[in-house]
Every structure is written in structure tokens, then in C-alpha cells.
1. Out of the residues in the range B:322-341 that are of a type in the set (A, V, I, L, M) and open to solvent by less than 80 Å² (accessible area, probe 1.4 Å), which is nearest to B:Ser500 (Cα to Cα)?
2. Every residue in the range B:288-318 that is in a helix (DSSP H, G or I), in contact (Cβ under 8 Å) with a residue 40 or more places away in the chain and buried (at least 18 other Cβ atoms within 10 Å of the Cβ), please.
3. Within the range B:528-638, which strands (runs of 3 or more DSSP E) (wholly inside it) include 2 or more residues that are open to solvent by less than 10 Å² (accessible area, probe 1.4 Å) and within 30 Å of B:Ala489 (Cα to Cα)?
4. Going through A:Thr119, A:Thr113 one at a time, which residue ends up being more than 9 Å from chain B (Cβ to nearest Cβ), in contact (Cβ under 8 Å) with a residue 24 or more places away in the chain, surrounded by fewer than 18 Cβ atoms within 10 Å (Cβ to Cβ) and farther than 20 Å from B:Ser83 by Cβ?
5. Can you report the number of residues in the range B:184-199 which are out of contact with any helix residue (DSSP H, G or I) (no Cβ under 7 Å at 6 or more places or on another chain) and either assigned to a loop (DSSP other than H, G, I, E, B) or buried (at least 18 other Cβ atoms within 10 Å of the Cβ) (or both)?
6. Tally up the residues in the range A:71-123 that are of a type in the set (S, T, N, Q) and over 16 Å from the mean Cα position of the chain (by Cα), please.
7. Tell me which residues, restricted to the range B:224-239, are more than 20 Å from A:Ala75 (Cα to Cα), at the interface with another protein chain (Cβ under 9 Å from one of its Cβ atoms) and open to solvent by 10 Å² or more (accessible area, probe 1.4 Å).
8. Being of a type outside the set (A, V, I, L, M), within 24 Å of A:Cys37 (Cα to Cα) and within 22 Å of the chain's Cα centre (by Cα) narrows it down to one of B:Thr676, B:Thr731, so name that one.
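The values are calculated or read from the model by the stated rules, or taken from the named source; none is laboratory data. Keep in mind that what you see is a predicted model, and the values were worked out from it rather than measured. Cβ placement follows ideal geometry from the backbone for every residue including glycine, while neighbour counts extend to all protein chains displayed. Accessible surface is based on the protein model in full, side chains and every heavy atom, while ligands, DNA and RNA are left aside. Shrake-Rupley method; radii C 1.70, N 1.55, O 1.52, S 1.80 Å.
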Amino acid sequence: MKLMINGQERELDLAPDMPLLWALRDHAHLTGTKFGCGMAQCGACTVHIDGQAARACVTPVASVEGKAITTIEGASKDSKITQALQAAWLANNVPQCGYCQSGQIMSATALLTQKPQATDEEINSFMSGNICRCATYQSIKTAIKQAAASLA
Amino acid sequence: METINLSRRHFFKVAAAVAGSLTLGVYWTASHAETAPQKPAGPGEAGSPELKQGLADPQAFIRIDPDSTVHVIVKHMEMGQGSHTGIATLIADEMDADWAQIRAENSPADASRYGNMAFGGMQGTGGSTSMANSYLQMRQAGAAAKFMLVGAAATLWNLPANEITVKAGIVSHPSGKTAKFGELAEAAQKQPVPSIEQLKLKTPEQFIYIGKPALQRVDIMGKVNGTAQFTQDVQLPDMLTAVVAHAPLFGASLASVDDTAAKAIKGVKAVVSLPNAVAVLASDFWSAKQGRDALKITWDESKAYKANSADQLASYQKMAETAGKETTKIGNPAEALASAATLVKANYSFPYLAHAAMEPLNCVVHITDKGCELWYGAQLQTIDQAKVSELLKIEPAQVNIHTLYAGGSFGRRGNPMSDYVLEAVKIAKASNLSVPIKMVWTREDDMRAGHYRPMFFHSLQAGLDKDKQLIAWQQRLVGQSIMAGTPMAMMITDGYDPVSVEGAGEPYAIPNKLVELHTPEDIPVPVQWWRSVGHTHTAYATECFMDEMAKAAGKDPVEFRRGLLKDSPRHLAVLNLAAEKAGWGSELPKGKGRGIAVVESFNSYVAEVAEVTVKEDGSFTVDKVVLAVDCGLAVNPSMVEAQMVGGVGFALSAALGEKITLKNGQVEQSNFHDYTPLRIGQMPVVEVHIVPSQENPSGVGEPGVPPLAPAVANALFAATGKRRYELPLGTKA
């Protein structure tokens with residue numbers, strides 16, 4: 001099966017019903033996308049499919065053939081929005097354990113792509129699918145707003 | 001002069017003689033490639049003949065590369081609490097290093113060098129002890145490194161050491177000579193390791209990083225770009241992934257398994273049976289999980305625990321009707337209660353709680369002919385080494401643990417029975433395959449595996465005399481012991497588990513006080529410490545009931561507490577600071593309420609004021625939490641703040657919606673749809689005020705948790721007039 005991951009075509013031997021998460025982690029060896037729940041409840045596996053945030057743990061690989069798949073590794077290199085968010089994440093010392101943060105940043109990237117000046121309510125609503133057990137939410141919110149300001 | 005030029009055999013003697021001097025060790029990387037790897041210059045070993053024989057045993061806390069990168073080797077694992085940054089701060093400050101040249105890495109597992117003095121010398125992280133253990137040790141290590149660098153410069157330049165200074169990673173002399181650390185590292189390793197007496201630790205006014213705001217976390221880069229290495233991310237040649245079918249009930253065992261369908265799945269390599277589990281090993285996670293789900297297993301449930309949570313709680317309530325084991329007795333509580341002008345009674349109940357860290361439990365194991373290699377977010381290395389070596393009949397030192405970042409723990413990864421580590425090793429052993437095996441639990445496996453914060457029931461009575469003075473307090477607790485039956489059982493003295501009752505009725509000056517405990521022993525649901533341990537329930541019962549007694553006395557909750565805290569100045573200080581910053585006493589609009597709680601845990605003092613809004617439909621939000629903390633000297637104020645804010649969020653998560661319940665012995669919750677952590681929109685604004693202090697640092701990972709739930713419940717009372725006796729609170733006021 002051919003998948004377009006971070007702008008590169010990858011030929012991978014995958015069962016069609018395999019969730020994209022495991023194709024990325026175990027076959028493409030891109031481990032920045034995390035396993036947290038397996039049922040689209042926590043957002044740790046958030047990637048972009050054609051620019052839209054998606055939960056890789058419930059996305060069968062057969063459904064994303066021919067589509068542009070972006071992971072934290074790709075977005076870190078290519079997305080100005082992701083880079084602005086990462087700078088704000090650094091400035092605010094956002095992560096604690098860090099396990100959910102790839103997913104948080106990928107969701108935040110999708111949010112600022114759609115709504116460059118997201119309000120508090122829009123942040124709460126869009127980011128509600130991303131759980132952080134360390135509860136870094138307060139600094140996530142601050143960092144998203146800082147990144148938005150820096151991109152404006 | 002007493003020096004630390006002692007052999008390794010004398011390590012523990014040194015520790016006993018000079019508190020904090022146990023592990024001064026500095027070693028240096030050779031600055032040219034042809035030199036063999038250096039044996040570390042531990043105490044007394046610098047310049048010894050062994051040094052040149054080139055043993056590569058990182059017996060140390062600091063390594064300097066030729067490019068001047070300073071590696072700080074941290075014995076306290078990083079699970080988010082900031083231990084790597086905190087320890088690096090201590091070393092960087094005393095070394096006068098530039099923060100940008102500092103890196104942190106996990107130490108190997110070896111209690112003789114990396115023991116935690118708060119754990120009797122065992123290596124491990126927990127109990128919010130990292131900074132308290134390391135504050136002096138790591139500053140000494142940093143100061144020793146600086147001493148040797150300066151000594152090296154003095155020798156090279158032929159100038160007096162006392163004229164040489166270090167600033168931001170540059171060693172310099174007024175004559176104009178300068179050198180970076182890396183340029184001096186090789187010469188420094190030939191310098192004698194200084195004695196403790198030779199080290200002049202900085203005074204607080206000289207600190208450049210300690211107590212200063214906002215150093216960047218040393219672990220941050222990989223955590224924002226996806227490259228940080230968690231257990232889940234370990235990839236090794238020929239590695240297989242194991243997914244496990246666990247017995248569905250506590251106490252059930254495997255009767256038989258039909259693995260025909262599982263073995264037919266592409267990628268499945270082996271199926272392994274354990275007494276209470278079946279593991280499927282495959283080339284990737286998805287194949288292993290498909291295989292696991294295709295197993296046809298018959299479980300023997302004849303000895304399984306089949307209770308319902310409601311019945312279990314009812315049995316606890318029944319137990320609380322009789323006297324338990326006395327754990328605190330002051331005055332004559334029975335008489336005082338009988339004579340009270342006003343008697344108030346209340347019962348509180350607390351469910352089992354799962355830790356539910358974002359990274360489900362996992363462990364990578366490779367059994368080789370030399371021993372056992374393990375890669376995971378190890379939290380109690382010495383216990384894990386002992387348990388694994390016992391299982392494999394090898395020496396503990398042959399259990400080589402590579403400690404990785406933990407994607408959260410909240411206590412769970414420090415399992416005193418090494419449950420998940422042993423399961424991984426048993427799978428590897430039973431498979432008889434000589435390849436690395438990554439055991440991965442799914443979220444459901446993690447949620448249902450037990451090792452919960454124990455269910456608890458508290459029954460309280462307190463009395464006021466005719467002058468509305470609190471004269472008697474009786475608190476009876478019922479709940480399983482965390483320590484009993486584990487290697488920590490040595491902490492059970494006087495016949496009861498101290499963490500079951502820690503904090504109950506404390507620290508209030510009440511002339512007649514009685515705390516009693518019932519410890520049910522026939523319940524096979526495994527229990528474990530959960531961020532702030534006993535305080536998770538004792539603080540709620542104590543602080544909610546204290547609020548109720550204030551009301552009964554007709555006094556303001558803060559005023560009432562002040563009267564009982566005259567001998568507890570640090571409690572009083574945080575109580576007053578939080579109240580002042582929260583505008584305690586000022587009017588709030590209808591539907592809003594404010595509540596307070598103050599708790600000491602892990603030698604730190606935290607008061608929190610919660611502000612809630614109750615809406616017309618009965619739902620409520622927690623809008624704001626104002627927190628005051630006294631944790632001694634705040635080494636990294638931004639780390640302290642992060643732990644306090646995170647502690648509030650973690651506690652609120654549990655207070656609002658978390659519970660593990662059993663139905664016919666089956667855990668009813670399985671994933672984040674029915675065990676519901678706090679989400680971003682529920683997070684209150686948290687304001688943290690740190691009490692300035694020069695006391696030795698104490699814990700911050702846990703102490704933010706205990707006051708939150710009672711502060712919220714007390715705020716709900718202020719808004720509605722209704723007391724809350726059961727957690728979780730749910731969504732309605």
C-alpha cells in the first residue's frame with residue numbers, strides 16, 4: 001500500500017483495516033504520534049489528513065490512500081503555524097510528562113489554520129478532544145494565543 | 001582533615017557520617033579520541049591507577065564533553081514533575097555553568113550510587129522526595145566539578161586558584177586567560193576530588209539559577225517535536241510486540257485457551273500462557289492486538305472476587321460502626337464527645353481511582369545470556385531489579401534498567417510488586433525467544449488492571465462546647481492498606497499502615513482527638529499510591545468536616561481554622577496568603593461560592609481557595625483557584641507553579657468525574673469515555689503564590705492535589721447550602 005506521509009510516498013505492507021496510528025508508528029517508524037486510548041477519546045494520536053485534524057487510532061489506512069498525511073515530524077519541518085506554536089510552547093514551558101503534546105500541537109495547528117485568531121471559547125471547543133493528564137491546559141491556552149499573535 | 005578519599009566499600013559509612021555526602025561523584029570524558037573510556041572519578045578515585053585502565057562505569061552525576069556540553073545524570077526519573085530540570089538547576093548553579101550547555105539524562109539503576117536517601121537508600125522516585133533528597137547532594141557535586149575545573153586551570157596557567165573565577169561556563173583569570181569547561185575537562189579529571197570541607201557552597205544571595213524565574217525545561221525540545229523517547233517508542237532489531245489478555249476478574253486464573261484463530265493472523269509469532277493471562281506476540285502492535293482479540297479463553301473464576309462496589313461500601317460503613325485500631329489519641333475523646341453542647345456527625349465515601357496516565361503501561365524486555373535488559377519509565381529501580389532477578393534466578397546487578405521518560409505515572413509506575421515489569425519479563429521468559437519484547441497494554445488493559453487508589457469510608461463526629469469551641473474530634477477510617485504485603489511493609493509499624501490515615505484530623509489543635517482505622521484484608525482488588533496517597537481522602541474528610549464545624553460554631557471558615565492553627569505557623573501563613581489573594585470575605589454575586597482548604601503533605605504546605613458558579617440548571621463550574629504554597633526554598637519557581645497548577649487539574653479531574661466501580665467483580669470502566677479526565681474547558685484559572693522561604697526544599701509533585709476537592713466542595717456549600725459527602729461530585733451542585 002502506498003501512503004503519502006509528510007510529503008513522501010511510502011510503500012508499506014499493511015492490512016487495509018490497520019489504523020493509521022500503527023502504520024505510522026510500527027511501519028513508518030514515526031513515533032511522535034502517540035497511542036493513548038485507541039478510540040478517538042484522547043487526541044494523543046492527532047495527525048492531519050489533507051490539512052484536517054484526524055485521530056489516527058481510528059482511521060483505517062485504506063481510507064487515507066492518496067491523501068496527504070502529516071505527522072508531528074512533518075509539521076515540525078514544514079508548517080510555520082506548528083513552528084510558531086512550538087516556539088510558544090518553549091516560551092511557556094508547556095509540557096510536563098510530554099506524552100500528549102504532539103497531539104496537542106497538531107490539534108492547535110489545525111485550529112490556527114482554520115481560525116488564526118481563535119477565542120478562548122474556540123480554543124476550549126477545538127482542543128476539547130485532547131486530554132492532558134498533567135493538566136497543562138492553562139499554559140496550552142496561553143501558548144496558542146501567543147502563537148496566534150506572533151503569526152498575525 | 002576528613003576527606004572523601006574513601007573506597008567504594010565505605011560509601012554507606014560516609015553517608016551516615018556526613019548527611020548528603022553519599023554520592024559526590026564527578027567524572028569526565030576524555031577530550032581526545034584515542035583515550036579509552038574513562039573510569040569515573042568517584043570519591044577517592046580520581047587519578048588512581050584504575051582511572052587509566054578505562055572502565056566505563058558512569059559512577060557520577062556530571063559528565064563534560066570536549067565541546068563543553070555538561071551532562072547531568074539524574075537519579076530521579078522524569079514523569080513530568082520536572083526532576084531533570086530541578087536537579088540540573090542545582091548543578092548548573094554551583095558550577096556556574098551556562099544553562100544552554102546543560103543536558104540531563106537518566107542514571108543507570110544502581111542503588112549504591114543512585115539511592116534515594118528518603119527511601120532508605122533504595123533507588124526510586126516518589127513521595128515528592130527528589131528535591132529534598134538532592135538539594136545538598138547535587139549542589140555539592142556541582143561545586144566539586146567547579147573546584148576541579150578551577151584547579152585544572154590553576155595548574156595549566158600556573159596561577160593561584162583563588163584568583164580564578166567561573167561565570168556562565170567560562171573559567172577566567174584577571175590576566176585575560178579564559179577557558180571553556182570542555183577545554184579543561186581532561187586536566188580536571190587529574191585533579192583530586194575535593195573534600196566536603198573544601199567545598200564552599202553558595203549562599204542564597206549568590207544563586208544564579210536557584211529561585212530565579214523560568215529556566216527552560218531541559219526535557220522540552222523532544223516533547224514539542226515528537227522525538228522524546230518514551231517506552232512506547234522503543235524500537236529494537238527483531239523486536240516483537242506483546243498484547244495481553246488479562247483475567248477479567250481479580251483472583252481469576254486461566255483454565256484453557258484456544259489460540260488457533262490467533263495464530264492464523266498474519267504477523268503473529270507466538271502465544272504465551274501465564275497463570276492469569278495470555279499474551280500474543282507479533283511483529284507489530286496491530287497484529288498482536290488482533291491476535292489477542294481472537295483468543296478463545298476459558299477462565300477459572302471459582303476463586304475470583306465478584307463483589308459490587310455498592311456492597312463493598314456498605315460493608316465498610318458497617319465496619320465503621322465499631323471501634324477500629326487506634327492511630328491517634330489525645331485527651332479523652334469519648335468523654336468530650338458525650339459532654340459536647342453541639343455534636344455533629346458526617347460520613348464520607350471515596351471510590352477506587354485509576355491513575356490513567358496518558359501512556360498506557362508498557363515495558364520492553366530482552367533476556368540475554370548476560371542477564372536482562374529493560375527499557376521503561378522505571379520508578380522503583382531497586383525493587384524492580386530485585387523482583388526480576390528473583391524470577392530469572394540471576395543477580396540484581398544483571399538486571400540492567402534503561403530508565404526512560406514516563407508518559408505520566410501519578411504513582412502507578414512505581415508499583416511495589418513490580419506488576420507490569422514482571423508480567424513483561426514472564427512473557428519474555430515463557431516465550432523462550434531470544435528477541436526483545438515490547439509489552440503494550442491497551443487503555444482498557446491499563447484501566448482494568450487494578451492497583452487503584454483504595455476505596456475509603458470515613459465516619460466523623462465532632463463536638464463544640466457551649467462557647468462554640470471545638471473540643472472533640474473522632475475520625476474512623478475504613479480502607480485497604482497500600483503497604484501490606486509489599487516490600488514497603490516495613491513501614492507498617494504499630495500495627496497499621498501509616499499512609500491509610502496520614503493527615504486525618506491534622507494539624508488542628510483540638511484537646512480531645514481520636515483517629516481509628518479498619519483495614520479490610522480479604523479484598524483482592526490491588527491498591528496503590530495515587531498522587532498524594534492517603535491525603536487524597538483524609539484531606540477531603542478533614543477539611544470538609546472542619547468547614548461544617550465552623551458553620552456549627554457560627555464562624556467564618558478561615559477565622560475558625562486560624563483559631564486552631566496557632567501552633568502551626570506554616571499552615572497559618574499559606575491559609576492567610578491564599579485567603580488574602582482570593583479576596584476572602586468580599587461579596588460574590590448570587591450563584592457563586594468560595595471555599596477554602598489547607599493541607600500539609602510531603603512536608604509542604606498548601607492552601608487553596610476555589611470559586612464556583614452554580615447555574616440555574618444545577619450544573620456548576622470551577623472558575624478560579626487561588627493557591628498559596630510553602631515548599632521551602634522554591635528551586636525552580638516556574639516548575640513549582642506548574643506542579644501546583646497541574647496538581648489542581650489532576651485533583652479536579654478526580655473530584656468531578658473519576659471513579660472505578662465493580663459490578664459482579666468486573667471493573668465497569670474501560671476507557672476515557674466512561675473514566676472521564678478533565679478537559680481543557682473545565683480547567684479553572686489557577687493563580688499560584690509561593691511563600692518566600694530559605695528552608696530546605698520539600699515536595700511539589702503531590703502537595704497541590706489534596707486541598708482542591710475540599711475547597712471545591714466547601715465552595716459548593718457556600719453557593720448552595722448543601723454539603724457533599726461523596727466523591728466524585730459529578731456535574732450537579
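1. Just the residues of the range B:322-341 that are of a type in the set (A, V, I, L, M), to begin with: B:323, B:330, B:334, B:336-338, B:340-341.
The next check asks that each one be open to solvent by less than 80 Å² (accessible area, probe 1.4 Å); those that pass are B:323, B:330, B:334, B:336-337, B:340-341.
Details: B:Ala323: 16, B:Ile330: 19, B:Ala334: 23, B:Ala336: 25, B:Leu337: 24, B:Ala340: 28, B:Ala341: 31 Å.
The qualifying residue nearest to B:Ser500 (Cα to Cα) is B:Ala323.
2. If the condition is that a residue be in a helix (DSSP H, G or I), in contact (Cβ under 8 Å) with a residue 40 or more places away in the chain and buried (at least 18 other Cβ atoms within 10 Å of the Cβ), then B:Ala288, B:Lys289, B:Gly291, B:Arg292, B:Ser309, B:Gln312, B:Leu313, B:Tyr316 are the ones that fit.
3. Values: elements: B:592-601, B:604-614, B:620-630.
The qualifying strands (runs of 3 or more DSSP E) are B:592-601, B:604-614.
4. A:Thr113
5. Looking only at that region, the number is 6.
6. Adding up the residues that qualify gives 5.
7. Listed by number, the list holds a single entry, B:Gln235.
8. B:Thr676
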